[in-house]
1. Calculate the translational D of region 139-216 in whole µm² s⁻¹ from Stokes-Einstein, where the hydrodynamic radius comes from the Kirkwood formula applied to all Cα pairs, the temperature is 10 °C and the viscosity 1.306 mPa s.
2. Measure of size requested: the Rg and Dmax of region 11-123, with Cα atoms as the atom set and Å as the unit; please supply both.
3. With viscosity set to 1.306 mPa s and temperature to 10 °C, compute the Stokes-Einstein D of region 96-233, Rh being the Kirkwood radius across alpha carbon pairs; µm²/s, no decimals.
4. Rank 209, 230, 104 by mean-square fluctuation in a GNM of the chain with C-alpha springs under 10 angstrom and give only the top-ranked residue.
5. Relative contact order for the chain: what percent, with Cα pairs under 8 Å and sequence separation of 6 or more?
6. Give me the percent of DSSP beta bridges within region 74-220 that run antiparallel, rounded to the nearest 5.
7. List the extent of the Cα atoms of region 67-163 along each of their three principal axes, largest first, rounded to whole Å.
8. Scaled to the compact-protein estimate 2.2 N^0.38 Å, what is the alpha-carbon radius of gyration of the chain, rounded to two decimal places?
Ligand code: 6GU
């Protein structure tokens, strides 16, 4: 997979793209990162990339020429998805991560401070994406979040192939609690069932604790999962436990 980032601050990406899972993925050739300073595609000798808005008012607007020029330079004849990072975009989630992860090439446009000339949105971009309901100073951090979540889904990117399948949100539920040695720490014990060696019981306990956590923290997620017989039964057990706790 090839990932292009267009930004005025390319240095922001060197740490993230060179470290940990993303750094390893690049080393292994699973992903090819390209960071371009779109100031190089300015249409004047001063390297201007923004201008005052038509109609007046404050602030600056990112010009169409440098963004179109940079996108066309990295895409050539191909028509990859071109993602505009902006607070007004569609809210990013794991489903969109999985969709992006199936693409061969993604291009991310990161603006700072200002708006984008509307023709960028209308005639260049395929997706407008936000990572949540808060405002960042620029799209770079948001692009890093998205790229991280997409690269870790590439086959071979994670050491343990199971972890991408079982993690929160891809199962539709929050993760169950995890424990490691020691069996007792400052008087706090690991649940006996995890030490029982009985795999079927352990899997049932884990699913039940996932459901418990999801009900407590993200009940909205429950509406979207497939209700198997086992899940229905576990939800009933949790309901009864709660009733007994309240009695
Ligand atoms: Cl993509 N950009 C900015 N500037 N702020 C954001 C965002 C993006 N997503 C959430 N907040």
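1. For these conditions, the coefficient is 106 µm²/s.
2. For region 11-123, the Cα-based Rg and Dmax read 15.9, 50 Å.
3. Answer from the Stokes-Einstein relation: 85 µm²/s.
4. So, out of 209, 230, 104, the one fluctuating most is 230.
5. Contact order relative to length: 17 percent.
6. 25
7. Dimensions of region 67-163 along the principal axes of its Cα atoms: 43, 36, 17 Å.
8. 1.30
A short reminder: the numbers here are calculations on the coordinates, not readings from a lab. No experiment lies behind these values; they were computed from the predicted model shown.
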